[in-house]
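Step one of this worksheet: look at the structure below.
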Amino acid sequence: MPLLEGITIVDFSQFLSGPSASLRLADFGARVIKVEKPKTGDICRQLYVSAVEIAEESTIFHTINRNKESFTADLKEKADQEAIWKLIGAADVVMHNFRPGVMARLGFSYDEVKARFPQIIYAEISGYGQDGPWADLPGQDLLLQSLTGLTFLNGEEYKAPTPMGISVVDLLAGTQLAQGILAALYRKEDTGRGSLVQVSMLESAMDFQFEVFTTFLNDGEELPQRSKVNHGHCYIAAPYGVYETKDGFLALAMGNIVTLGDLLACEELAVFDDPKGWFDRRDEIKAVLAAHLANNTTQHWLDILEPADIWCAKVLDMEAMMEEEGYQVLEMEMEVRTTNGDRIRTTRCPIRVNGERILPGRGAPFLGEHNDALAREFGL
């Protein structure tokens, strides 16, 4: 569904954050021209996170660069610079995720682009903003999770700080950049004026924590406390957490402890009849629950709790989730192909419009795949 048909984006970004933003815009129908270095291209082409390859390149690259065109250019060479300026002249959006100052050294800073094309939307992701002592540090996901307190929200109290198992800050920054670009496109449609859209991974990570950080700021700056057992959320009372059962795991969200005790036939919970104690004594409560739930199967407990409208769920890995009808009916997976016929199973855009799924079918481009076609089209 080409919601952004007619919008052209010249994308200098690499790795995950920037490309994830242009991926979503490409899903919506925008034309994304990915500018890459000759010979090596986007470093993400060789950024392996497993032994799995697609067309002798990393799965990450193919996951977040589908439906884009690849144009190789040496930004230090005058002829290639002139070609890039022609592409920018035909574009609605220019975007990158280099460290502060890199685009200026290459001659494509916001001020330089705006001077030639004042209607352009110029969008950029940095690690830590444009100023300050951290500005030149590498904007890598694990480092940002570590610096912003995210790792202190996971795992039990006495365990080491634990990062999330996905590149969450990269993807958050990309999502927010895409939102900013869409808002700027709307403004441009109304006024004809361009915009500078800036997102930092640091600010994205803090916005992600708005719930817990706001509590911290308004609670005498008392640090959030993880549970000693079965931790789920620093600021939520028992029973919130994941519990081992006889054959698996059970997730319990918020709930009345006395009611839970009655349903589970756990008499030891009856003494916790003061709702204020469900937070102050949550480790005691969770320890009682953990011992009790281990005596029977996950499905046994679900059969008791779900009819009573207790918020609970079995805990699944990816393989088990894919076997569930609740997942299958969503048809979340799709197949795309490269121009060489390589088949790639991946996730689709999660957004539906008028009930229709968004299913772009073209795989990620090979390095420089579209140089000749773009040269002919734009007279490069």
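The values are calculated or read from the model by the stated rules, or taken from the named source; none is laboratory data. Keep in mind it's a predicted model, so treat the numbers as computed, not measured. Using ideal geometry, Cβ is built from the backbone for each residue, glycine included, and neighbour counts are taken over all protein chains shown.
Observations, loosely collected:
- Of all the residues in the stretch 62-104, those that are crowded, with 18+ Cβ neighbours inside 10 Å and of a type in the set (G, A, S) number 4.
- Some residue of the stretch 105-122 being out of contact with any Ser or Thr (no Cβ under 6 Å at 6 or more places or on another chain), under 29 Å from T148 (Cα atoms) and either free of Cβ contacts under 8 Å to residues at least 60 places away in the same chain or not in a helix (DSSP H, G or I) (or both): yes
- Of all residues in the stretch 148-160, none are closer than 17 Å to D11 by Cα and not hydroxyl-bearing (S, T, Y).
- Across the stretch 165-187, the number of residues qualifying as β-branched (V, I, T) and over 15 Å from I60 (Cα atoms) comes to 3.
- Residues within the stretch 22-77 that are of a type in the set (A, V, I, L, M, F, W, C), out of contact with any Leu (no Cβ under 8 Å at 6 or more places or on another chain) and touching a residue at least 24 places away in the same chain (Cβ under 8 Å), tallied: 7
Okay, residues lined up against (1) modelled with pLDDT of 95 or more; (2) surrounded by fewer than 21 Cβ atoms within 10 Å (Cβ to Cβ):
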{"position": "F15", "(1), (2)": "no, no"}
{"position": "P19", "(1), (2)": "yes, no"}
{"position": "S22", "(1), (2)": "yes, no"}
{"position": "A30", "(1), (2)": "yes, no"}
{"position": "I33", "(1), (2)": "yes, no"}
{"position": "K39", "(1), (2)": "no, yes"}
{"position": "I43", "(1), (2)": "no, yes"}
{"position": "V49", "(1), (2)": "no, yes"}
{"position": "E57", "(1), (2)": "no, no"}
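- Candidates in the stretch 204-228 are the residues that are of a type in the set (V, I, T) and out of contact with any Leu (no Cβ under 9 Å at 6 or more places or on another chain); of these, the one that is surrounded by the fewest Cβ atoms within 10 Å (Cβ to Cβ) is T214.
- Restricting Y122, Y128 to those that are among the hydroxyl-bearing types (S, T, Y), within 30 Å of H233 (Cα to Cα) and surrounded by 20 or more Cβ atoms within 10 Å (Cβ to Cβ) reduces the list to Y128.
- Residues of the stretch 197-228 satisfying the condition of being in contact with a strand residue (DSSP E or B) (Cβ under 8 Å, 6 or more places away or on another chain) and either free of Cβ contacts under 8 Å to residues at least 60 places away in the same chain or within 30 Å of A270 (Cβ to Cβ) (or both): S227
- Checked against the criteria, E112 does not count as under 25 Å from the mean Cα position of the chain (by Cα) and surrounded by fewer than 23 Cβ atoms within 10 Å (Cβ to Cβ).
- Search result, residues across the stretch 291-335 that are in contact with a Gly (Cβ under 7 Å, 6 or more places away or on another chain), without any contact (Cβ under 8 Å) to a residue 60 or more places away in the chain and surrounded by 15 or more Cβ atoms within 10 Å (Cβ to Cβ): T298, I310
- Listed by position, the helices (runs of 4 or more DSSP H) inside the stretch 1-97 whose residues that are aliphatic (A, V, I, L, M) and closer than 28 Å to S204 by Cα number at least 3 are 17-27.
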